[in-house]
Amino acid sequence: MATPTSEPRPDPPRPGPGGAGILIVEDEPELVRALRINLRARQYDVLTAATGREALTVAANHPPDAIILDLGLPDIDGTEVIVELRRWYHAPIIVLSGRTSPGDKIGALDVGADDYVTKPFAMAELLARLRAELRRDDGEADAAGQGRVRQATIGRWLVDLAAHQVRRAATDDARDTLRLTPTEWRILEILLRRPGQLVGSAQLLTAVWGPGFSQRTNYLRFHMARLRRKLEENPARPRHLLTEPGMGYRYQP
């Protein structure tokens, strides 16, 4: 059974860095429960997904700070999930798998995993590896001058990704807010977390609607037009939510 090995002297709970969000992609309920308990005890926010497609949807809706991913999922292989995630997601992915062959490890690392832990495993080791990857990710983001985007201003609106709220930038009145649909939020979060970077149309479509929608560019045109009408001061000449013809979209701070 793929469960953590017993530990006579478990490490004491340590706070998660800044309330980091961790997505667990695993279909074994007992293991998910053990991981959730240990991560929450260390003040991490925890999301879960039991299938690969669910993981892609959850990651697009609420991009986590790191992902712990099993390869043997009931719908699609975990390596396929990594490939799809790496089209737009750049935070750490740690594989947690019962597959122990060098070929499986090399394959997962080659398609974008940051680390590979085999089952059964020591919980303390997994948590240490998670902390190391989060520290490395923070360092790389700081070196790039980007950090973790929590808020962004578009026209007169302040988009607060942590609070999942859009309000007028010139006021603190919680009633002066703007409503976005769930789909609009998913698109906006992906763009805002990559300021100044081009996000391909296929990447956005796959992240928001799933792998079978990478050619439905009319979906993006419709929702981007709605976002501009809501957020931009002049939707016909947007300053922040830009289209790169034939390629994709970009959030320009």
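The values are calculated or read from the model by the stated rules, or taken from the named source; none is laboratory data. Source: prediction; values computed, not measured. Positions of Cβ are backbone-derived with ideal geometry, glycine not excepted, and every protein chain shown enters the neighbour counts. In case anyone asks, the SASA skips ligands and DNA or RNA and just uses the protein heavy atoms, side chains included. Shrake-Rupley method; radii C 1.70, N 1.55, O 1.52, S 1.80 Å.
Counting charges near VAL25 (Lys, Arg +1; Asp, Glu -1) among other residues having Cβ under 9 Å from its Cβ returns a value of -4.
Computed over the stretch 68-108, the percent of Cα pairs more than 11 Å apart is 65. Using a cutoff of 8 angstrom between alpha carbon atoms and counting only pairs six or more residues apart, the relative contact order for the stretch 179-242 works out to 23 percent. For the stretch 173-253, GluC sites (Glu not before Pro) are listed when DSSP marks them as loop and at most 13 other Cβ atoms sit within 10 Å of their Cβ; the list is GLU233. On a per residue basis, the stretch 63-141 carries 38 Å² of accessible surface, using protein heavy atoms and a 1.4 Å probe. Once both labels are positioned 7 Å from their Cα atoms along Cα-to-Cβ, the gap between LEU178 and ALA163 label points is 1.5 nm. Orientation-averaged projection of the stretch 153-253 equals 6.1 nm² [convex hull of Cα atoms, one quarter of hull surface area].
Across the stretch 31-106, the convex hull enclosing all Cα atoms gives 98 Å³ per residue. Counting Lys and Arg as +1 and Asp and Glu as -1 over every other residue whose Cβ lies under 9 Å from the Cβ of PRO235, the net charge comes to +2.
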